[in-house]
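Before any comments, here is the structure.
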Ligand code: ADP
Ligand code: MG
């Protein structure tokens, strides 16, 4: 018997981890997928270490502790994410606002102390929310919050950045096919190993988890959804969910209950989905239409599904 030749084989690596406050699943195909997944894991933990508000030693916590006192030097990664966050604040007319920290803390949605705060406390916290008070120094890589008590919360954008970083590592390792899922922040890299497009489901906000409102077929795209069905509490029959409207200080009550952004980068999808969710249909549609290579699926309170023109022939409604 002689060795003739190796047959090709699918090399596949998968890892589940808890990072950035969510369950993440990385699935990669290709020769270097094992190394790629391990490298990505390390990078995800680093992003968490730098950007989490739940870690008192993180760079973001350092900026927050020094609000009204002094500018703080941060890594170029954290600087970039904060700078992008400010950009999405402008695009969404302040609906997305990374200085939402005091209000998020006050409501505590998803924590053991979630409650409806006192009106006076909401007003106080609301007064501290303003992305224009973030002072960025590009050369020094410093971040400063102008007023004492202000705080940055990157919870609505960090996962998007993280998904892009995983994608970058995968590409560097020549992983040609992968699915990156950071708690619903999805990036579909390349095509599936059988060369067909990835089919990604969009949760039906009115049904139990895993029931889709529809599906989209993609390659090299990010899909990010902000919805009212994952983190919330109910009091006196009213649902209070975790996305807070910086104009009112209360959880958003816009007509949109689920906003999915389909885009080339996930930071874009994450930044936009939160703001779009708050802004309601008319403004959101205007913003989506004004942006290049950005598509959306919006579901409103009445279970109506709106799809941007780029997805018209792609979105397949599921009738369950
Ligand atoms: P998720 O993180 O659940 O996928 P989002 O990306 O929409 O959903 O982010 C929600 C998180 O962002 C909240 O838990 C909170 O930390 C923060 N947040 C809440 N309201 C806002 C807002 N108006 N602008 C920016 N961040 C917000
Ligand atoms: Mg978001």
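No lab work stands behind these numbers, since they all come straight from the coordinates. Note that the coordinates shown come from a computational prediction; the quantities given were computed from them, not determined experimentally. Methodologically, a virtual Cβ is constructed for each residue, glycine included, from the backbone with ideal geometry; neighbour enumeration extends over all protein chains shown.
Fully extending the segment from residue 309 to residue 115 would add 65.8 nm, taking 0.36 nm per residue of separation and subtracting the current Cα-Cα distance. Per-residue Cβ neighbour counts within 10 Å put 107, 198 in the sequence 198, 107, beginning with the fewest.
Projected onto their three principal axes, the Cα atoms of the stretch 69-171 cover extents of 48, 30, 25 Å, largest first.
Each of 53, 100 has some number of other Cβ atoms within 10 Å of its Cβ, and from fewest to most they run 53, 100. Set against the 2.2 N^0.38 Å expectation for a compact globular protein, the stretch 49-101 has a Cα radius of gyration ratio of 1.15. Relative contact order, whole percent, for the chain stands at 17, derived from Cα pairs under 8 Å and 6 or more residues apart. For a test of the definition: using alpha carbon positions, the gyration tensor, and the 1.5 limit on a/c, classify the stretch 1-141 as rounded, prolate or oblate. Here the stretch 1-141 falls in the prolate category. What shape does the stretch 167-320 take by its C-alpha gyration tensor, where a ≥ b ≥ c are the square roots of the eigenvalues and a/c under 1.5 counts as rounded, a/b above b/c as prolate, and the rest as oblate? Cα axes put the stretch 167-320 in the prolate bin. Measuring from centroid to centroid over Cα atoms, what is the spacing of the stretch 32-90 and the stretch 94-164 in Å? One Cα centre to the other: 14 Å.
Among 193, 252, 177, the largest mean-square fluctuation in a Gaussian network model of the chain, built with springs joining Cα atoms closer than 10 Å, belongs to 193.
The simple Förster model, with R0 at 25 Å and r as the Cβ-Cβ distance, assigns residue 57 and residue 141 a FRET efficiency of 0.85. Between residue 174 and residue 5, the distance separating the two model label sites (each 7 Å from Cα on the Cα→Cβ line) works out to 1.8 nm.
In a fully extended conformation the segment linking residue 49 and residue 208 would gain 54.0 nm over its present Cα-Cα distance, using 0.36 nm per residue. Peptides 213-219, 112-118, ordered by how many other C-beta atoms sit within 10 Å of their residues on average, highest first, read 213-219, 112-118. With the simple spin-label model, which puts each label point 7 Å out from Cα in the Cβ direction, the residue 231 to residue 123 separation comes to 2.8 nm.
Built from the Cα atoms of the chain, the convex hull projects on average onto 19.6 nm², one quarter of its surface area. How would the stretch 126-230 be classified by its alpha-carbon gyration tensor: rounded, prolate or oblate, with rounded meaning a/c under 1.5 and the a/b versus b/c comparison settling the rest? In terms of gyration-tensor shape, oblate.
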